[in-house]
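Bear in mind these aren't lab numbers, they're just calculated from the coordinates by the rules spelled out. Everything quoted here is computed from the prediction, not taken from an experiment. Heads up, the Cβs are rebuilt from the backbone with ideal geometry, glycines too, and the neighbour counts pull from every protein chain shown.
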Number of protein chains: 2
Amino acid sequence: MITASKRGAAMPPSPIRKLKPYADKAIAAGKTVYQLNIGQPDIETPPAMFDALKKLGTKVIAYGPSQGIPEYQDALIKYYKKHGIELGRENIIVTNGGSEAIIMGMTVCCDPGDEILVPEPFYTNYNGFATQAAVTVRPITTRIEDDWELPDISVIERLITPKTKALMICNPNNPTGKLYGEEELRKLAYLAKKHNLFLFGDEVYREFIFSGEKHTSLLEFRDMDEHVVMMDSISKRFSACGSRIGAFVSRNKAVMQAALCFGQARLCPPTIDQLMAVPTVELGKEYFDTMVGEYKKRRDAVLEGLAKMADVEYKVPKGAFYIVMRLPVADAEDFVIWMLTEFQVNNETVMLAPAEGFYATPGLGRNEARIAFVLNVEKTKKAMEILRLALEAYRKKC
Amino acid sequence: MITASKRGAAMPPSPIRKLKPYADKAIAAGKTVYQLNIGQPDIETPPAMFDALKKLGTKVIAYGPSQGIPEYQDALIKYYKKHGIELGRENIIVTNGGSEAIIMGMTVCCDPGDEILVPEPFYTNYNGFATQAAVTVRPITTRIEDDWELPDISVIERLITPKTKALMICNPNNPTGKLYGEEELRKLAYLAKKHNLFLFGDEVYREFIFSGEKHTSLLEFRDMDEHVVMMDSISKRFSACGSRIGAFVSRNKAVMQAALCFGQARLCPPTIDQLMAVPTVELGKEYFDTMVGEYKKRRDAVLEGLAKMADVEYKVPKGAFYIVMRLPVADAEDFVIWMLTEFQVNNETVMLAPAEGFYATPGLGRNEARIAFVLNVEKTKKAMEILRLALEAYRKKC
């Protein structure tokens with residue numbers, strides 16, 4: 001018997017996908033399950049991406065350049081320029097999804113044993129990437145009662161150790177929906193500069209802002225060029241999760257050079273998917289207004305539903321397409337499993353993502369859950385009503 | 001100034017792509033450069049892969065399962081069955097190219113600081129993947145004069161240390177073209193079993209065999225189920241390097257479970273490229289005979305050309321589409337740069353991959369170079385004649 005490595009065995013299974021067997025079983029038994037647990041949008045991928053396939057001139061699906069095909073790099077430069085971010089090809093490496101961009105950041109900027117500080121709750125796969133890169137994610141705890149704001153600089157600073165190599169933030173935030181403004185981000189920039197740390201920004205939800213606020217990219221802090229690494233992806237923005245097209249962006253030359261070496265080792269990101277992504281740069285205000293408008297309606301339907309539930313705590317999410325709420329239950333995972341296995345309203349039930357997996361601090365988030373706004377308004381309304389009834393029934397049962 | 005991590009800075013640039021700027025400059029100056037340095041086939045991708053695009057039913061490019069879409073997993077099961085290898089879905093994770101499969105093996109099976117023994121010369125990107133995974137590749141030296149055979153078991157065994165976690169072999173071999181038979185592979189299996197090591201097989205050139213010999217997969221050693229991890233890719237086989245579709249294959253349950261967790265973190269391999277790959281399973285003897293026949297003609301043209309050159313040592317490669325030869329020069333890199341910058345025949349020249357980068361032992365391979373059989377016979381013949389003249393001129397110059 002030969003076992004996996006320590007890091008292989010330590011690798012956490014995805015808490016978002018963990019309860020999938022229960023959902024599969026419920027569905028197999030004929031139950032309708034409203035799956036609000038996973039961030040897979042149902043919005044249609046822009047037709048321009050499929051149209052690009054019709055224009056494929058090639059007869060050989062060849063390796064592209066390791067940093068991405070020039071057409072797509074240039075499309076990205078144009079896209080970022082629209083957001084007031086000036087970049088050149090030398091600042092961009094196209095990646096296998098945002099996932100590879102994050103792994104790249106962790107390996108290029110950190111050595112085994114190094115630590116990265118991230119506000120919790122955070123996108124759980126950061127743990128997986130960190131395990132793979134043999135680095136450790138340390139949490140900066142944020143709380144519902146503070147509207148998920150970052151703690152004071154002094155609190156964050158106390159978490160910095162000689163092993164800390166980077167501060168990381170996802171903005172707008174998955175899972176909380178929190179939109180961090182310039183002032184909050186400046187706290188992190190101040191500390192990154194003071195302690196010579198990298199500042200990682202996961203900005204894949206850049207356009208998902210519901211009330212007209214401006215998005216602040218870390219790349220706008222031009223005094224931080226040496227520190228900032230931004231990780232991006234078209235997955236959510238263009239409803240193209242399966243394309244696996246992301247980007248690793250920095251103005252730090254040493255970082256870009258090392259990242260390109262990693263990029264060369266894995267040869268290139270997928271060629272056809274990059275060609276499909278090129279025309280997305282032409283999608284402007286109308287496309288995003290429609291898409292974000294749809295998510296806003298869903299968010300509002302979720303909020304309307306939550307308002308009818310007793311003892312559920314939450315804050316209005318201003319961005320991304322998630323909300324984390326505190327439920328009047330002892331253990332949200334137990335509640336979700338119960339909804340999938342024992343509860344139903346007209347043979348329908350709801351699936352949420354228990355939030356404990358989004359926290360690194362043991363015990364936190366046990367009575368919290370995340371909803372993703374991935375079902376249309378009608379289905380969302382139904383799901384929220386079922387959730388309300390489920391909470392009532394579960395509390396009576398306990 | 002904030003620098004990359006130690007591992008980022010230690011990351012070797014690709015020796016295959018390292019001399020590209022010289023080639024680019026020569027081409028920009030109007031020279032024709034026969035590029036025999038890189039393994040990018042010019043063979044057409046099977047039309048069935050493009051046809052699959054016409055049948056895309058989806059309007060949303062959604063995340064697929066982390067282990068790959070079931071249609072493609074099943075296609076792979078059928079493909080391996082044709083090669084006498086029995087597998088189930090639980091043994092296969094579809095990856096972002098063979099590259100990700102190798103990184104996955106190194107991270108799932110090894111901890112930072114662990115070592116992997118690999119016959120050298122080896123595919124240089126193993127170094128890159130190892131750096132990323134914070135493990136070390138240690139060489140088992142093989143030599144032209146021995147027809148690249150593995151050394152005696154006792155010689156290999158002396159290289160095993162407490163840090164050794166895996167033995168790895170690429171078969172047929174990139175860069176040497178060596179085809180390892182069952183007997184040689186059994187040497188490694190014996191040692192893997194005796195010392196409880198993993199046995200990694202990079203088998204992406206499985207079908208590229210020129211003289212009718214049978215390919216032996218490590219997966220055929222059923223007494224080694226716990227040890228064997230096989231890394232695969234459609235890049236060369238179906239001339240689809242830009243699709244980034246590979247596979248991580250093992251019957252070790254702990255390894256597959258850990259690998260799936262890594263797979264879940266990065267979500268999934270590209271969906272459309274998997275759909276394109278599904279029909280490749282129907283390509284049989286006729287397809288491979290034609291393709292491998294074409295590579296054989298090219299290999300023979302290379303051998304014919306080499307036979308005319310004085311003092312060039314080589315062995316007939318039986319597989320893959322490469323050959324490593326020893327040139328009558330002190331430094332092959334210097335020779336290649338000279339060909340690109342100073343030499344020409346009717347304004348044409350040749351590019352090879354200097355072989356030093358394929359060795360881990362310092363100093364080895366300095367007077368060796370790799371040729372990839374990636375140009376058609378006519379071009380190959382021209383290139384070989386130019387190479388002959390270049391060698392003559394270079395020797396006179398020195």
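What to note about this one:
- Centroid-to-centroid separation of segment B:369-398 and segment B:228-251 [C-alpha atoms, Å]: 31 Å
- When each of B:LYS178/B:LYS214; A:LYS297/A:LYS379; A:LYS214/B:LYS59; A:LYS236/A:LYS318; B:LYS18/B:LYS178; A:LYS55/B:LYS18 is checked by Cα-Cα distance, pairs over 21 Å: A:LYS214/B:LYS59; B:LYS18/B:LYS178; A:LYS55/B:LYS18
- Radius 11 Å from Cβ of B:ALA258, net charge of other residues (Lys, Arg +1; Asp, Glu -1): +3
- Computed about the Cα centre, the dipole magnitude for segment B:153-272 is approximately 360 debye when only Lys and Arg (+1) and Asp and Glu (-1) carry charge, each at its Cβ.
- Nearest 10 degrees, 0 to 90: helix B:70-82 Cα axis against chain B principal axis: 70 degrees
- Overall, segment A:61-282 carries a charge dipole of about 400 debye about its Cα centre when +1 sits on the Cβ of Lys and Arg and -1 on the Cβ of Asp and Glu, all other atoms neutral.
- For B:ALA393, the distances from its label point to the matching points in the remaining copies are 8.4 nm, ordered from shortest, with each point set 7 Å beyond Cα toward Cβ.
- Sequence-separation-based contact order of segment A:61-282, relative, with Cα cut under 8 Å and 6+ spacing, percent: 30 percent
- Whole-number D in µm²/s for chain B (Stokes-Einstein; Kirkwood sum over Cα pairs; 37 °C, 0.692 mPa s): 150 µm²/s
- Residues listed by number, segment A:352-392, amide nitrogen under 13 Å from A:ALA330 label point at 7 Å toward C-beta: A:367
- Virtual spin-label span in nm between A:THR361 and A:ASP74, 7 Å along Cα→Cβ: 5.0 nm
- Positive-end extreme of charge dipole, segment B:47-282 - chosen from B:VAL137, B:PHE238, B:TYR123 (charges on Cβ): B:PHE238
- Note on chain B: with a GNM built from Cα contacts shorter than 10 Å, the maximum mean-square fluctuation among B:PRO47, B:PRO70, B:PRO317 falls on B:PRO47.
- Each Lys and Arg Cβ is given +1 and each Asp and Glu Cβ -1; about its Cα centre, chain A then shows a dipole of about 640 debye.
- Anisotropy class assigned to segment B:1-137 is oblate, per the alpha carbon gyration tensor with a/c at or over the 1.5 cut-off and a/b no larger than b/c.
- Farthest toward the positive end of the dipole of the protein assembly as shown, out of A:ASN174, A:GLY357, B:HIS227, is the Cα of A:ASN174, where the dipole comes from beta carbon charges about the Cα centre.
- Look at where the Cα atoms of segment A:259-335 and of segment A:1-30 average out, and the two centres are 23 Å apart.
- Using the Cβ-Cβ distance between A:THR341 and A:LEU303 with R0 set to 41 Å, the FRET efficiency from 1/(1 + (r/R0)^6) comes to roughly 0.90.
- The trypsin sites (Lys or Arg not before Pro) of segment A:1-70 that DSSP puts in a loop, and whose beta carbon has at most 10 other beta carbons within 10 Å, are A:LYS55.
- Positive-end residue, segment B:2-103 charge dipole about Cα centroid, Cβ charges, pick of B:THR32, B:ILE2, B:ASN91: B:ILE2
- Two-site FRET efficiency, A:THR3 against A:ILE153, from Cβ-Cβ distance with R₀ of 30 Å, rounded to 0.05: 0.10
- Counting only DSSP H runs of at least 4 residues, each contributing -39500 (n - 2.57), and dividing by the residue count of chain A, the helix-based mean residue ellipticity at 222 nm comes to -11500 deg cm²/dmol.
- Label-point distances for B:LYS55 to the equivalent site in the other copies, using a point 7 angstrom along Cα→C-beta, read 2.7 nm when ranked shortest first.
- Annotation for A:THR161, label-to-label distances across the other copies: 2.8 nm (shortest first, one decimal, point 7 Å from Cα along Cα→Cβ).
- Electrostatic bookkeeping for B:VAL316 treats Lys and Arg as +1 and Asp and Glu as -1; over the other residues with beta carbon under 9 Å from its beta carbon, the sum is +2.
- Amide H contacts of A:VAL33 (H built 1.01 Å from N, in plane; Pro and chain starts excluded): A:THR349 sit under 5 Å, all sequence-distant by 5 or more or on other chains.
- Net +/- balance of residues flanking A:THR45 in space, Cβ distance below 12 Å, scoring K and R +1, D and E -1: -1
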